[in-house]
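Every number in this text was worked out from the coordinates using simple rules, so none of it is lab data. Nothing here was measured: the structure is a model prediction, and the numbers come from that model. Glycine also receives a Cβ, built like all others from the backbone with ideal geometry; neighbour counts cover every protein chain displayed.
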């Protein structure tokens, strides 16, 4: 049963955690990869579903303190995983997405939340199309117009080559590659 974790996240208020949980419940993936985890909200939601299914493992990859912007803190992540009783359903490793994508490991479900831009989605589309389900933060017009995208002149996700459906249009939004 889904319990909305009391963990700081932009996902928390708009049911994106439930969206992630439901994908795992219904698809029953063996390998779930969660890139960009901050305090672990998405990871907890994914791992709760693996635990409920008694199947699968969530592989968490993040830069943690190496990322100069808003980044995950390993200790907070581990504490949250323990608090929600899902630490045994998770493997954690410091890893850069741009290194990983050069030789991506097999997965059934990938959740990508790494300051996504149109350029990043082009890379994802070119390298992961047809390799598993890819859910990513972003995809709505509102998300493409957030301040940091404008300040740093980032290519909007909606202008990427990637074909996707917005599955949760509420801000910050979540989409799925076709």
What angle do you read, to the nearest 10 degrees and between 0 and 90, between the alpha-carbon axis of helix 16-27 and the longest principal axis of the chain?
70
Round to the nearest 10 and give me the degree value, 0 to 90, for the angle of helix 118-128's Cα axis relative to the longest principal axis of the chain.
60
Quick one: length gained pulling residue 8 to residue 129 fully straight, 0.36 nm per residue minus the C-alpha distance?
40.5 nm
As a footprinting exposure proxy, order 101, 7 by other Cβ within 10 Å, with the fewest listed first.
101, 7
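Arrange the following residues from fewest to most other Cβ atoms within 10 Å of their Cβ: 140, 42. Intermediate values should be presented prior to the final figure.
Working: 140 18, 42 29.
Fewest to most other Cβ atoms nearby, the residues stand as 140, 42.
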With the radius of gyration and the Kirkwood radius both derived from the Cα set of the chain, what is their ratio Rg to Rh?
0.93
Using only the alpha carbons of the range 111-178, determine the length spanned along each of the three principal axes and report them from longest to shortest in whole angstroms.
33, 22, 17
For a protection proxy built on the mean count of beta-carbon atoms within 10 angstrom, sort 110-117, 143-150 highest first, please.
110-117, 143-150
Stretch gain in nm, segment residue 145-residue 25, where the contour uses 0.36 nm per residue and the Cα spacing is subtracted:
40.0 nm
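Starting with the fewest neighbours, write out 164, 171, 98 ranked by other beta-carbon atoms found within 10 Å of each beta-carbon. Don't jump to the answer; show the numbers that get you there.
Numbers: 164 20, 171 13, 98 10.
Ranking 164, 171, 98 by Cβ neighbours within 10 Å, fewest first, gives 98, 171, 164.
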Inter-probe distance in nm under a simple model that places probes 7 Å from Cα toward Cβ, at residue 159 and residue 99:
3.1
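Please report the antiparallel percentage of the DSSP beta bridges confined to the range 12-177, to the nearest 5.
Numbers: 7 of 25 bridges.
Of those bridges, close to 30 percent are antiparallel.
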